[in-house]
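*Asks:* Sharing a structure, written as structure tokens. Questions coming.
Read-outs: derived from the displayed coordinates by stated rules, not from any lab. What you see is a predicted model; the values in this text were computed from it and never measured. Neighbour counts are summed over all protein chains in view; Cβ atoms, including those assigned to glycine, are modelled from backbone coordinates with ideal geometry.
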Amino acid sequence: MKKILYTIAVCAIALGGSSCKKLDNYEEPQETLTGSVIDAGTGKTLQTENGGGGTRIKLLEISWSDNPTPFYIASMQDGTFNYTKLFAGKNKISAEGAFVPLVQTDGSGATTVDKSQTVDIKGTTTVNFSVDPLLRVEWVGEPVLNADGTVSASFKITRGTSDPAFQNDITDVHLFLNSNKFVGNNNYDNRYSPQTDFSGSSANAQLGQTITLTTKGGPLPTKRDYFVRIGARTNYGLKYYNYTDVKTISVP
Amino acid sequence: MKKNIYIIICFLVCWTTACKKLDVPPINIIQDKDVFTSTGGIQAYMARIYSELPIEDFRYSPQRGLNFFWIISPFPAVTGEALSRDQNGAMQENVGESPWGDCYKLIRDANYFIENMPKYASTYTPAQVNSWLGEARFIRALTYFALVKRYGGVPIVDKVLEYPTANIDDLNIARASEEAVYDFVAADLDFAYANLSESNQAGRANRYAAAAFKSRAMLYAGSIAKYNTTTLSDGAGNRVCGIPSSKAVTYFKAAYDAALLVAPKYSLYKKVWAAGDKEAQFQNYVNMFYDESSNENIFVKQYHYPESVHGYDAYNVPRQLMGGNGYSSAVNPTLNYVELFDGLPKNADGTLRTTTSGKYDLYTNTMDLFANAEPRLRATVILPGDQFKGQSIEIRRGIYTGSSAGGISPILAPGSTSNYPTANIVQSSNANQTPYKLPDGTTMNPAGLSGVFTGDGTCAISGFSIRKYLVPDKPTSEVLENRSDQTWIEMRYAEVLLNRAEAAYELNALGQNDKDYLQDAFLDINQIRERAGATLLAGPGDLSNVNVVRKERRKELGFENKIWWDMRRWRTADTEQNSTIYRVLMPFYSANDKKYFFDARTDERNVRYTFDVRWYYEEIPNGEIQKSQKLIQNPGY
């Protein structure tokens, strides 16, 4: 009698236990979206900053809704992006950043320009955007270490677009300096990084001219590497910065 | 037999009581008819919805939201009016404490009142009913204004939404355009002005309050039409961020006209003011904030210990008058703010002059520098050495022990952000000071009783302390958290005058000449300046640019939690705060001269303020966006 009871009990526990296992029947997201935001004028990727103030990719998944909540992917600071945990689906993809907007609307909200791309994301999908930056910031030579321990960098700024609607006044130019390679308006050493503010259209005469900025706050601490880049922005929209690429300078 | 009779009686008694129907309204739940049929019930309903009005008062900080007692990251330390040890840079309101949800609850309460009150109208006179309906519309307008100044266009709900409902899509309301929300606010306030009574209980709105708030709201709308550059439209063509610039004139005119309506009833507080008497003007300005009968107070929020309290005194009192909770000096006005005022020695670039030909100016007392200061400055800010609660508030950064032969050269190079050197300077890291022996044999603490300490932020870190709204006769034993109950003045006549002056200036700048607007702006500004004891403008020509009007606003309304909204609507916050360090004034005592000198420098903590352009439209909480497919996020988030 006892034996039968035990057998029943063991069976019940075994069955009960095995039934606890649940099978989640939907695969985890594993599609990859990769690509770059490229300056149409130079063919190079468009430099930006990490985080909220930089380029981001906007995905609208239209496979199930006409009015989806957007999903954003932040770009890396060199202008490329890579996201490996997306669901397969049909997406309308555009980018936002320091360039002429890919999607523009007029005063009544009607879309006038739409350069977003509709893509089926499956496996590894590559999407590139060709954009006109608001400003093109380029190095002139290499940054140099001065005798007094400061660093000077020369650069020039030109317009990246010929559309006068996006040629707003330049508001400020920064030399960003940091002790790690992630450097930009959101991440810099404010003791040494100089900044020039312009009011009104006063900066427009400097377009195309070589400008030199020198670090402030006295000599830089020695025996280390610094990462520098130039950022400039115009009075358009959310006032994103355009950047040069990051250069390294060693202070012996 | 008797027993049987008793049984029958009992039985009958039980039987008859059972006849009573059980379907009765529960007596422990208050019904509409209980509330709406008596003036007391309506007063109770009003008391609650007034208490939930989203106004930034003594219980507000951008970090912790509305109606929260702890305000150690105070609002003025976000705008550059002040520095605070707990505020390390610019910020937008903490999206986790967003008032979005609470505002819609309040809107529902107002809508419920508007829909249900008229059912009981026969109990009252029509005038009473209209006044109450006006009050509900006033509350709804203020709540929508609180939303639109933060987020731009928001969904307009003008009726009580039923849930559960037949059609769930009816609850899914898209954002209206920013312009439509401002128009909705204006329409509600117009209704309120037309229907509200001439006067009302303190803390409740009368018709002039409605006009005053309309002047504020319309001024915001006009500024956005004129200065905004952000655009966001939804698929249906509603511009949820931004107002067409062609509307600027309409809104500025509405602001101007609304301000005119207030003028007959209210005036600037001048009870003990006397022409040419700086002390009387100072006292008058101080008294204004505590006089319950002030003819300047248009709309106030009252507090009363112990039921409804705040802790303004405890957090902001100077260090030497610290109360039992150990808080003090949360708000320390910056030198940038102090320099806005008249009556100070100035350099050519408008900064405070502390040196003459490269050597520090010496003063016997720290107050000597401020001998001719505008009375309003003294009434707003506690200057080093000024009197408060019968004490001289001692603020000193340290004792300078270097040689004084030929004058003292500036300790640091101009513009330097370094810390002070320790050579030749005796300083103190906290309030437990070791007295320093001066050359004449007497001893002196290195730092003042209220700071500045190098290692302890509970002191006047900017060299100044706040006076505005600190109760001048509150005993230190009562300077405790949740022990203050002074009244918050949300709307006073000075703001209406400033709204009028700004709207008039902008109308003139936009080419409107149906009236001499510049002359009007000039007279308004001079009224404010006269009461403040400041230098008067000579004529309308002195209004050479809009900054004259804006500066006056900053001086008059400083530390009243208004300036941040102004910087946002002027769209100047991002240029003003672009890696900006605010400036401080450090008094030193020179041991050899036995005199004081002042060093004007950047904040020694090297705190930088950068305003992100996205913040002109705040982030809508993600939880709200997930609730509604039609709610679109503001740009950049």
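*Asks:* Over the alpha carbons of region B:434-535, what is the largest minus smallest coordinate on each principal axis, giving the biggest first in Å?
*Replies:* 71, 39, 25
*Asks:* Starting from the 7 Å offset along Cα-to-Cβ, what nm value, one decimal, do you get for the label separation of B:TYR227 and A:GLU138?
*Replies:* 3.7 nm
*Asks:* Which residues does a label at B:ASN116 reach in region B:125-164, if reach means a backbone N under 14 Å from a point 7 Å past the Cα toward the Cβ?
*Replies:* In region B:125-164, the label zone of B:ASN116 (backbone N under 14 Å from the point 7 Å along Cα→Cβ) covers B:160-163.
*Asks:* Taking the Cβ of each residue in B:GLU56, B:GLU576 as the centre, tally the other Cβ atoms inside 10 Å and list the residues starting with the fewest.
*Replies:* Ascending Cβ contact count within 10 Å gives the list B:GLU576, B:GLU56.
*Asks:* Ok, one more. For chain B, go through all pairs of different Cα atoms, get the mean of 1/r, take its inverse, and jot down that Kirkwood value in Å.
*Replies:* 27.0 Å
*Asks:* So how do B:SER61, A:SER63 line up by other beta-carbon neighbours within 10 Å, fewest first?
*Replies:* A:SER63, B:SER61
*Asks:* What are the extents of the Cα atoms of region B:53-134 along their three principal axes, listed from largest to smallest and rounded to whole Å?
*Replies:* Projected onto the principal axes, the Cα atoms of region B:53-134 cover 58, 22, 18 Å.
*Asks:* List the equivalent ellipsoid semi-axes of region B:372-452 in whole Å, largest first, each obtained as the square root of 5λ for an eigenvalue λ of the Cα gyration tensor.
*Replies:* In descending order the semi-axes read 25, 19, 14 Å.
*Asks:* Roughly how many nanometres apart are two label points built 7 Å out from the Cα toward the Cβ at A:SER154 and B:LEU161?
*Replies:* Placing both labels 7 Å along Cα→Cβ, they lie 6.2 nm apart.
*Asks:* Tell me which residues come under 5 Å, amide H to amide H, from A:ARG136 once H is placed; ignore anything under 5 positions away on its chain.
*Replies:* A:THR158, A:ARG159, A:GLY160
*Asks:* Over 50 Å, how big is the tail of the calculated P(r) for the protein assembly as shown, in percent of all Cα pairs? The partial results should precede the final answer.
*Replies:* Working: 119290 of 394716 pairs.
The share of Cα pairs beyond 50 Å in the protein assembly as shown comes to 30 percent.
*Asks:* Please report, in Å, the Rg and the Dmax of region B:62-200, where both are computed over Cα atoms only.
*Replies:* Every Cα atom of region B:62-200 included, Rg and Dmax give 18.4, 58 Å.
*Asks:* With bins 5 Å wide starting at 0, give me the P(r) of region B:481-570 over every alpha carbon pair, in whole percents.
*Replies:* Taking all Cα pairs of region B:481-570, the binned fractions are 3, 13, 24, 23, 17, 10, 5, 3, 2, 1, 0 percent.
*Asks:* Over all residues in B:442-455, what is the mean tally of Cβ atoms on other chains that come within 10 Å of each residue's Cβ?
*Replies:* The mean count of partner-chain Cβ atoms within 10 Å per residue comes to 0.
*Asks:* Continuing with this model, one more query. Take the residue pairs B:LYS278/B:LYS474; B:LYS562/B:LYS595; A:LYS156/A:LYS223; B:LYS214/B:LYS271; A:LYS223/B:LYS437; A:LYS239/B:LYS468 and return only those whose Cα atoms are more than 31 Å apart.
*Replies:* Numbers: B:LYS278/B:LYS474 24 Å; B:LYS562/B:LYS595 39 Å; A:LYS156/A:LYS223 29 Å; B:LYS214/B:LYS271 27 Å; A:LYS223/B:LYS437 43 Å; A:LYS239/B:LYS468 36 Å.
With Cα atoms farther than 31 Å apart: B:LYS562/B:LYS595; A:LYS223/B:LYS437; A:LYS239/B:LYS468.
*Asks:* If neighbour count is taken as other Cβ atoms inside 10 Å, put A:HIS174, B:HIS304 in order from fewest to most. Each step should come with its number before you reach the end.
*Replies:* On the way: A:HIS174 23, B:HIS304 9.
Neighbour counts put them in this order, fewest first: B:HIS304, A:HIS174.
*Asks:* Something else now. For region B:290-414, which semi-axes, largest first and in whole Å, follow from the square roots of 5 times the eigenvalues of its Cα gyration tensor?
*Replies:* Details: eigenvalues 249, 74, 30 Å².
Its equivalent ellipsoid spans semi-axes of 35, 19, 12 Å.
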